[in-house]
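Read-outs: derived from the displayed coordinates by stated rules, not from any lab. Everything numeric here is computed off the predicted structure, so don't read it as measured data. In this analysis, Cβ positions are derived from the backbone assuming ideal geometry, glycine residues included, and neighbour counts consider all displayed protein chains.
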Amino acid sequence: MLHLGLIAALVLLQFILPAYHHGNLARIMVLSVFAMGYNIMFGYAGLLSLGHAMFFTAGMYGMGLSVRLWDIPVGPAFVIGIFAAAALSLVVGLLALRTIGVAFMIVTLMFSQAVFLTILYFNPITRGDEGFVIAQQVRQIAGLDLSNPTTRYFAALILFAICLLAVLWLVRSRAGRVLIAIRENEERARLLGYDTWAHKLAAVVMSGTMAGAAGAAYGVLFGSVGASFAEVPFSILPLLYVLLGGPGTVIGPFVGTLFMFYLRDLSSSLTDAHMLVAGVVLILLTLFARRGIMGIVRERWLKWLP
Amino acid sequence: MVSKKISDFKPSRRKVLTGMAAAGATTALPGFVPFVQAQSSEPIRIGFQVHRTGIGAAYGRWYDRTTMAAAPVINDMGGLNGRPVEIISEDDGTDPKRGAEVVEKFATHHNTDIAYGTLFSHVVVGSAPRAGELKMPYFVVSEGHHVASGMLNRWTLQPGITDVKSQVQAMAPFVADNLGKKVTMIFPDYAFGHDHRDFFSAAIEAQGGEVIAKLAIPPTETSFTKYFPQIPRETEVIYHVMVGPAVLTFVKEMGEFFGSARPEIFGFIDSLEAVDLATPGLEFLEGTYFWEGMPRYAQENQSEYDKFYRAAIGVDNNGASVSDPKDVSTFAHMFGCWETLHTIKAGMEAAGYQGTSDRAKLVEAVEAMTDMAESQAHPQGAKVFNGKTHQVFGPQYISQVQDGRLVVQHKTALEDGFYPDEVDYTTQSF
Amino acid sequence: MEFGPHLILAVLEGLVQASVLTLTALGLSLVFGVMRVVNVAHGEFFMLGAVFAYWVASWMGGPAAIGFVAALIIAPVLAGLLAVACDWLILRRLDYDPERTIVATIGMLYVIQQVTLMTYGPDAHPVTPPFNHRLAIPWFEFTENGFEFYYPWGLSTTSYKLFVIFAAMVARMGIWLLMAKSKLGLILRATQLDGETAQAFGIPVERVYAFVFGLGAALAAVGAVLIVPIQQAHYLMGHDPLLLSFIVVIIGGLGSLRGTVVAAILIGMSNGVISVFFTPTLAKILATLLVAFVLVYRPQGLFGAKPA
Amino acid sequence: MAAMMLLSTRKLSRHFGGLRAVENVDFDLPEGQIRALIGPNGAGKTTFVSMLCGRIPVSSGDITFAGENVTRLPAHKRIQRGMAYTFQITSVFSDLTVQENVALAVQSRLERGAVLAGEVAKALAKVGLQDRADQIAGDLAYGHQRLLEIAMGLGQSPRLLILDEPTQGLSDGEVNDFIALIKDVAKDTTILLIEHNIDVVMALADKITVMNFGEVIAEGTPQEIHENATVQTAYLGG
């Protein structure tokens, strides 16, 4: 109910928001798909990755290079992007899941860093750090101009709604419960007869694919593809979004993304030192809201919140 | 006095540069239609996308100072079409994603008339699509070839600084004729470095020389000596261009590597932009050559425009802050901000710009520009603007380090930097 | 350049990097080992070490050597005290919960970076080395006259770089003596093994944690002071040392000081040596993947015990 | 005889470095029996059963379960074949509700789409936790957590239920309830029980295996073990 309500509210907001916030919200929805993907792995399965930017980038470049090199229309290119991310997450999952804990963090970080450097290395194809533009005239699906603010908003909303409902379905499903069990106590889950490795691999692939969908959508909706999306800070972002919003809650990643976006935006209107504000808020939140914003809401008021 | 005040610079988010002088001057100026005055004495709002944090912050600080110095000068001259200019700054963190958001914020939140000022090319490429969709004139000061290559859009223009392709093409004859034909290039593995690599290789071959090795240094690298052995022994000229906080390490280690047996060295001043030449470890640079966008040290034949420009920003004859001689400016690049703002002024006046509905007219007016005479508005030198490619072409300077100062040896002609058009933006619809 | 001299040069460069890296990584390893927290702000204490060094050196004026020595003493102390304050004000109140510590230290990272940007500025500033002579290194070849020495083009190092290698070795000895021979070391090792039991034996664990956090930051700062005459102080310089230190600590095996030192030398050297064979960016890619695959196939690190 | 064996090991060993935690154990457990495994601390009991269920890999030897060699199978596959293991240290999912804990145990053996609720309720009712189904497991009293642990074992309806010190920390009343519960469960489940409480062992076990220093030193009915001199030495003189 709450989640359908959120989607309905977002539909309504399209008609009443001023242009600036309207545009922001479209971005926030795409970025929160990235965060929701991250949440599957981190919030539910308990796998802390520091390399999620590579999946986002795989989707983005899978889509972007298809358009740039082979003039594939953005619709099919978007699908190619998602497949690219799925394939990468499968390979990374197969390798990285041999490790746990901090080693897993480092391995994902290293793979992501290698992806970033590879983009630079193949600069004749990728245009290196600068990246390239997906021209406005090709950003169309079925005659709809995706650079139009309203279309863009609804495209972002559709992707967001699909992913939100998918995560909701996942966590209410038995598989979702197993992921939580793995997060809580992996050995116990294994000794209840679950192939925890396969579940974790599935979580990595779902998570990476969702991140890739966000990356491909970002390129399609906002028109630029670049290597800065593969850099380490962009892997830290979803972690922050999820931790602030409330790990292991379906709606938390969206709340966290919204919060961080406006924290940055508003504080940069007040002061140059927006990083200082962000830093202090992060510290305060960890001191006084240990399970993130939605975690607190769940603890205090809505115990049933998935 | 002015310079003193501005050099006590503190980053501030917004500076409303209206002021009495501007208002007084406009009414005194002839040629203004009264109803224009009556209708809009509101300031023209220029959204300034500035690298205040992130890797570009060292440049961003001086782009900011130049912009904040140019605005009152423009207001003293009567502002834009009789209206004062207001600069609205927003930090982009030298991040393309945030850059696009900032452009959006200018257009839909601050309601600025135009956006301006971006330096790092990946931020330009990340932001320009949004500017195009929002139909917002976007004046960049980045020297990237991205504008003239045709990858951006009709709303993006670069009228204040020459692009890298033109710069390196103009350098090649001097390098081949005076320094040597066998060149080893060292450049950052960024798109910016790739422009150098591709265009200089082609240009030096046209001069009968060749690039015998290319060392692309990965970003964020902090030590360089280990790569230098890849420089072939038969190298006659080292061509170096580096950016980022590690540039000084790079140059020092290069000196330590060669010792007394260095080949000729030709570098882009980017490798030492904002770095004091008197820093220990740089002595070996004596006698080497640098490209400069604008000469850091006031030359013997200094123009009055150069003098005025330095005074307005608060930069001394050594290119350093008047209040702190160790605070060296990004002199070879930041003139682009000054000149771009003056070009915007000229464009708005030519277009009779009244408000955001005249944005397309502004772009057309700038596209119609050609010659820009050396003047207070263009202290770096006379330029030609190519309306089809949205790119300006100016003179380039080659200086030699003599007694720890950069002394201009050669100033290229505009024609040295011309190349065939790769795009005609004027054929695109708005 | 010929292969032999090239390799020697790469090894020397690798040793300098490794020397600084061992100190930074030892700091992280202590914090990680004893307190079991991931300190994302560790690189920022490194950066602060460099920035403090610049401030101390320029405030002292006079001969470079005096400024440098003063910086070598004052900068780590300041960085350490600041870290102790962070621990006391923040981490202690989080009960060192792993996830929240990560977020809190990311917050600290932002705050430290921004404050440095606002006070120190965005430019990179050098510290003058106390001494710095270029030393050409001889190499040999077989000619018609037999075995001969000569000075190959470009093969050199500087006296200061040799000093860095030496100083780091001394510092490592100091740490080893502290950990292995002193009462303080015993307390640290006991806390590392089992904090609760240590508490039961009357060890003031909270104060030990604060001390360790400060010591970790100070070690990072010592590394930074040593490197800052070669590489300049800059407000974003903490990024690489953080990543590399983490890699070193994990590859070395958690809690193994010997492993940390060996891994730092391996990582520092492999960066240098791989660059002998490949173009720079490709070398970086390969070095990165090498680290990843070492962990994939030996998750417990080189010197960690294999879990049962 | 062999056909009736649910579980057998042959020369099963586990070494940690130089330490021989379990050495050459031959062990047979027929279907339907309640078997107790006893021995002093450090005798290798937990290591032994951990190898049975696949928590830790074997150094050498073989394990046969229901006629199939499972030595190389990963833990979850052995569980799927009908083993269940409850932990020595309570190891419930403390952030989930009681009901969800048991549901996790039940759903692993059920077909996709089958209804869980009935099975979950049945398992909870058996241990008497039905009234606490919606509580967060971590909030339960210790004794209740132990019962939940057993309910999770029951939820799997295993052919072999391995209980590692199930009565540790329970009150006398709770222990009596436990004995009754196990007797009930044993009607259709084979049980392997590690237990220190000798009263519980005597009350429940059909047969007892005694381990010391990683080896089986005696095996027999409760009466036989009670009278066995070697066992006496191991407990008292060791």
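Could you put B:Thr53, C:Thr197, A:Thr57 in order, starting from the residue whose Cβ has the fewest other Cβ atoms within 10 Å? Don't skip to the answer; put the middle values down first.
Numbers: B:Thr53 26, C:Thr197 12, A:Thr57 33.
Arranged by neighbour count, lowest to highest, B:Thr53, C:Thr197, A:Thr57 become C:Thr197, B:Thr53, A:Thr57.
What's the average, rounded to a whole number, of partner chain beta-carbon atoms within 10 Å of each residue's beta-carbon in B:49-55?
Taking the mean over all residues of the peptide, I get 4.
I'd like the per residue volume of the convex hull spanned by the Cα atoms of chain B, given in cubic angstrom.
Taking only Cα atoms, chain B has a hull volume of 127 Å³ per residue.
Please work out the FRET efficiency for the pair C:Phe3 and C:Phe278, using the Cβ-Cβ distance as r and a Förster radius of 22 Å; give the result to the nearest 0.05.
0.95
Students often get this wrong, so check it: of A:Lys200/B:Lys97; B:Lys214/C:Lys284; D:Lys77/D:Lys207; B:Lys361/B:Lys411; B:Lys226/B:Lys252; B:Lys326/B:Lys411, which have C-alpha atoms separated by over 25 Å?
On the way: A:Lys200/B:Lys97 31 Å; B:Lys214/C:Lys284 16 Å; D:Lys77/D:Lys207 28 Å; B:Lys361/B:Lys411 35 Å; B:Lys226/B:Lys252 13 Å; B:Lys326/B:Lys411 27 Å.
Pairs exceeding 25 Å: A:Lys200/B:Lys97; D:Lys77/D:Lys207; B:Lys361/B:Lys411; B:Lys326/B:Lys411.
What does the helix-only formula give at 222 nm for the protein assembly as shown: each DSSP H stretch with n ≥ 4 adding -39500 (n - 2.57), the total divided by the residues, and the result rounded to the nearest 500 deg cm²/dmol?
One gets -16500 deg cm²/dmol as the mean residue ellipticity at 222 nm.
DSSP loop (so not H, G, I, E, B), at most 14 other Cβ within 10 Å: list which GluC sites (Glu not before Pro) in the range D:68-147 pass both filters.
Taking the range D:68-147 and a limit of 14 other Cβ atoms within 10 Å, the loop GluC sites (Glu not before Pro) found are D:Glu111.
Based solely on C-alpha atoms, express the radius of gyration and the Dmax of the protein assembly as shown in angstrom.
Values for the protein assembly as shown (Cα only, Rg and Dmax): 34.8, 123 Å.
Project the alpha carbons of the range C:3-297 onto their principal axes and report the range along each, largest first, in whole Å.
For the range C:3-297, the Cα extents along the three principal axes come out at 75, 50, 37 Å.
Under 12 Å Cα to Cα from B:Lys135, which aspartates and glutamates show up? Leave out anything in the same chain fewer than 8 places away.
Candidates past the 8-residue exclusion: B:Glu104, B:Asp113, B:Asp358.
Give the aspartates and glutamates reachable from C:Lys161 as a straight Cα distance under 16 Å; neighbours fewer than 8 places away on the same chain don't count.
B:Glu253, B:Glu256, C:Glu13
As a footprinting exposure proxy, order D:Asp172, B:Asp177 by other Cβ within 10 Å, with the fewest listed first.
Lowest count first: D:Asp172, B:Asp177.
Please list, in chain and number order, the residues 5+ apart from D:Val22 or on another chain whose amide H is under 5 Å from its amide H, with Hs placed from the backbone.
Answer set, sorted by chain and number: D:Arg14.
Putting +1 on Lys and Arg Cβ atoms and -1 on Asp and Glu Cβ atoms, find which of B:Ala274, C:Val20, A:Leu237 reaches farthest to the positive end of the dipole of the protein assembly as shown.
Among B:Ala274, C:Val20, A:Leu237, the one farthest towards the positive end of the dipole of the protein assembly as shown is A:Leu237.
Which translational diffusion coefficient, to the nearest whole µm²/s, is obtained for the range A:171-248 from the Stokes-Einstein equation, given a Kirkwood hydrodynamic radius over C-alpha pairs, 4 °C and 1.567 mPa s?
88
Jot down the radius of gyration and Dmax of chain D, Cα atoms only, both in angstrom.
17.6, 57
If you line up the long axis of helix D:117-127 against the longest principal axis of chain D, both from Cα atoms, how many degrees apart are they, to the nearest 10?
For helix D:117-127, the angle is close to 50 degrees.
Cβ neighbours within 10 Å, averaged per peptide: list B:347-355, A:173-181 in order, most packed at the top.
Most protected by this proxy first, the peptides run A:173-181, B:347-355.
Taking only C-alpha pairs under 8 Å that are 6+ residues apart, what is the relative contact order of chain B in percent?
Reported relative contact order: 17 percent.
For chain A, what does the equivalent ellipsoid look like in terms of its semi-axes, each the square root of 5 times an eigenvalue of the Cα gyration tensor, given largest first in whole Å?
Each semi-axis is the square root of five times an eigenvalue, giving 28, 24, 19 Å.
What is the calculated FRET efficiency for B:Ala213 to A:Ala142, with r their C-beta to C-beta distance and R₀ = 41 Å, to the nearest 0.05?
Details: r = 51 Å, r/R0 = 1.24.
Efficiency for this residue pair is about 0.20.
Determine which residues of the range D:113-138 fall in the zone a paramagnetic label at A:Leu2 would reach in this model, i.e. backbone nitrogen under 20 Å from the point 7 Å along Cα→Cβ.
Correct set: D:134-137.
If r is the Cβ-Cβ distance from C:His133 to B:Gln409 and R0 is 25 Å, what FRET efficiency results, to the nearest 0.05?
Between C:His133 and B:Gln409 the formula returns 0.20.
Determine the shielding of peptide C:95-105 by partner chains: average, over its residues, the number of Cβ atoms on other chains within 10 angstrom of each Cβ.
On the way: counts 1, 0, 2, 3, 10, 9, 1, 8, 10, 7, 3.
Partner-chain Cβ atoms within 10 Å, mean over residues of C:95-105: 5.
Exactly which trypsin sites (Lys or Arg not before Pro) in the range B:325-400 are in a DSSP loop and have at most 16 other Cβ atoms within 10 Å?
In loop regions of the range B:325-400 (DSSP not H, G, I, E or B), the sparsely surrounded trypsin sites (Lys or Arg not before Pro) are B:Lys326, B:Lys388.
Compute the orientation-averaged projected area for the range B:52-108 from the convex hull of its Cα atoms and round it to one decimal in nm².
In nm², the orientation-averaged hull projection of the range B:52-108 is 4.3.
When you have a sec, figure out the Kirkwood radius of the range A:214-260 from all distinct Cα pair distances and drop it here in Å to one decimal?
11.5
If you average 1/r over all unlike Cα pairs in the range B:93-154 and invert the result, what Kirkwood radius do you get in angstrom?
That comes to 11.3 Å for the range B:93-154.
Which of D:Arg55, D:Arg78, B:Arg233 has the fewest other C-beta atoms within 10 Å, and how do the rest follow up to the most?
B:Arg233, D:Arg55, D:Arg78
Quick one: what Rg and Dmax do you get for the range A:95-239 from the alpha carbons, in Å?
18.6, 56
Just the number, please: Stokes-Einstein D of the range B:165-292 in µm²/s, Kirkwood Rh from C-alpha pairs, 25 °C, 0.890 mPa s.
D = 170 µm²/s.
Cα centroids of the range B:95-172 and the range C:188-266: how far apart, whole angstrom?
Computed from Cα coordinates, the inter-centre distance equals 44 Å.
Hey, got the average number of other protein chain Cβ atoms within 10 angstrom for residues in B:227-235?
5
Choose one of A:Ile296, B:Phe250, D:Thr97: the residue whose Cα lies farthest towards the positive end of the charge dipole of the protein assembly as shown (beta-carbon charges +1 Lys, Arg; -1 Asp, Glu; about the Cα centre).
Result: D:Thr97.
Using only the Cα atoms, what convex hull volume per residue in Å³ does the range B:287-427 have?
Per residue, the Cα convex hull of the range B:287-427 comes to 127 Å³.
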